[in-house]
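J.: The structure's right below; bear with me while I get my questions together.
The values are calculated or read from the model by the stated rules, or taken from the named source; none is laboratory data. This one's a predicted model, so the numbers in the text were calculated from it and none came from an experiment. Here the Cβ is made from the backbone with ideal geometry for all residues, glycine too, and neighbour counts use every protein chain on show. Side chains included, ligands, DNA and RNA excluded: accessible areas come from the protein's heavy atoms. Shrake-Rupley method; radii C 1.70, N 1.55, O 1.52, S 1.80 Å.
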Amino acid sequence: MVEGVRISVLVPVYNVADKIERCAVSLFEQTHCEMEYVFADDCSTDGSLAVLQAVMERYPERRSQVRIVRHERNTGVAGTRNTALANATGERLMWVDSDDFIPLDACERLLRAMEETGADIVSGAYVTMLRDGSTRTTLPSHLSRERLLRRRLCMGYEPSSLWARLYRKELFVREMWAREGVNLSEDYMMTNRIFLHARLATIDEVVYNYDFTAVRDMARLYPGHIGQLTQSVEEVDRYYHADDEGRRFLGCIQLAYLFIIRMAVEYGLEAKEAEGRLMWWARPIAWLLKHKPTFGLGNLVYKAVRAGMLF
């Protein structure tokens, strides 16, 4: 057991009364002792905090480690993540969504790997709970940082989730926080900036359980969703443009804009903001994607360009 290092677990909360008990129990029963739990509540209306308070009564030894911060107005998940960050005091950070849960030794395993490797971010395996009752285990990617970033940046190919990882707190300087109001792909915005210069390590042990049994995917897209996705990519784009090392990934970020345009076309929406960020070589692909007779060809070209950049 690694002692002397406090881990802050950051938990955004919004209307999860039916799931938060499972989450909180998995956190309070962690084998690592030196913990801090920051629950940031975004004006829940279903009694989520009452359930959390009842769980806390069962773990008196953890009560002094719990911080509950409640918003005065609903801000969305991006603002809630920022609130959690602003209230964290631990040397290490872990994100856990309040409808998910973690194995009881997850923090200990991740911290041990971080201490042994000197990494800034340690990623572990995770289990996805599917709607049909089955589960799927996903191992962390063992690719080099450059190949991993290429896959993450293009959007829609490699997940950019904040969870299933342990971070050094100092990575989350203010410019790495989420942009309030951008509540879709806020994890893309945050992690892909942090990963650019971080030392990475992985463990194949399961450290997270992702509950996908509720309707958490985008069953429908609206114009505002496309705008939020674009803003998330724009934040990453600006950061990489300003960084000499990051410039070699700009083509992959162009693929993210094309991914948004492709998605918008499929839902009958426009993506003018994403189109406005395209470089000269990506504009013909977008034109093909936007016109029904040439969409299939545009999709083939898009996939061919993506394959060339990622492999």
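J.: From M190, M155, M114, grab the single residue that is of a type in the set (A, V, I, L, M) and at pLDDT below 95. Give the steps one after another, and end with the answer.
T.: Numbers: M190 fails: at pLDDT below 95; M114 fails: at pLDDT below 95.
None of the others qualify; the one that does is M155.
J.: Another one. Please enumerate the residues belonging to the stretch 227-259 that are out of contact with any Gly (no Cβ under 8 Å at 6 or more places or on another chain), more than 15 Å from E186 (Cβ to Cβ) and not charged (D, E, K, R).
T.: H241, A242, G246, F249, L250, G251, C252, I253, Q254, L255, Y257, L258
J.: If you check I253 against the conditions, is it at pLDDT 95 or above and not in a strand (DSSP E or B)? Spell out how you get there, then give the answer.
T.: Numbers: at pLDDT 95 or above: yes; not in a strand (DSSP E or B): yes.
Taking the combined requirement at face value, the residue satisfies it.
J.: Counting just the residues of the stretch 153-195 that are free of Cβ contacts under 8 Å to residues at least 12 places away in the same chain and over 13 Å from the mean Cα position of the chain (by Cα), which one comes out least open to solvent (accessible area, probe 1.4 Å)?
T.: Going through the stretch 153-195, the residues free of Cβ contacts under 8 Å to residues at least 12 places away in the same chain turn out to be 159, 170, 173-174.
Going one step further and asking which of them are over 13 Å from the mean Cα position of the chain (by Cα), we end up with 170, 173-174.
Numbers: E170: 121, V173: 67, R174: 147 Å².
Selected residue: V173.
J.: To continue, here is another question. Name every residue in the stretch 246-268 that is more than 13 Å from R151 (Cβ to Cβ), crowded, with 19+ Cβ neighbours inside 10 Å and touching a helix residue (DSSP H, G or I) at 6+ places or on another chain (Cβ under 8 Å), in order of residue number.
T.: G246, Y257, L258, I260, I261, R262, M263, A264, V265
J.: Of all residues in the stretch 79-114 being assigned to a loop (DSSP other than H, G, I, E, B) and open to solvent by 10 Å² or more (accessible area, probe 1.4 Å), which is farthest from A17 (Cα to Cα)? Can you show your working first?
T.: Within the stretch 79-114, the subset assigned to a loop (DSSP other than H, G, I, E, B) is 87-91, 96-100, 102-105.
From the residues that got through so far, the ones that are open to solvent by 10 Å² or more (accessible area, probe 1.4 Å) too are 87, 89, 91, 97, 99, 103-105.
On the way: N87: 23, T89: 26, E91: 30, D97: 13, D99: 9, P103: 20, L104: 21, D105: 24 Å.
Restricting to residues being assigned to a loop (DSSP other than H, G, I, E, B) and open to solvent by 10 Å² or more (accessible area, probe 1.4 Å), the top hit is E91.
J.: I'd like the full set of residues that are open to solvent by 60 Å² or more (accessible area, probe 1.4 Å), closer than 21 Å to D18 by Cα and in contact with a Lys or Arg (Cβ under 9 Å, 6 or more places away or on another chain), limited to the stretch 30-70.
T.: Hit for the stretch 30-70 is E57, nothing else.
J.: Next question. Yes or no: T75 assigned to a loop (DSSP other than H, G, I, E, B), closer than 28 Å to E170 by Cα, open to solvent by less than 70 Å² (accessible area, probe 1.4 Å) and modelled with pLDDT under 95?
T.: Numbers: assigned to a loop (DSSP other than H, G, I, E, B): yes; closer than 28 Å to E170 by Cα: yes; open to solvent by less than 70 Å² (accessible area, probe 1.4 Å): yes; modelled with pLDDT under 95: yes.
Yes: the conditions hold for T75.
J.: Looking at the stretch 117-133 only, could you name the residues that are of a type in the set (G, A, S) and modelled with pLDDT of 95 or more? Show your work before the answer.
T.: At the first step, the residues of the stretch 117-133 found to be of a type in the set (G, A, S) are 118-119, 123-125, 133.
Answer for the stretch 117-133, where residues must be of a type in the set (G, A, S) and modelled with pLDDT of 95 or more: G118, A119, S123, G124, A125.
J.: Test each condition in (1) part of a loop (DSSP other than H, G, I, E, B); (2) modelled with pLDDT of 95 or more for V25 and report the one that comes out false.
T.: (1)
J.: Can you name the condition, by its number, that D204 falls short on among (1) in contact with a Leu (Cβ under 7 Å, 6 or more places away or on another chain); (2) under 30 Å from G224 (Cα atoms)?
T.: Here D204 meets the rest and fails (2).
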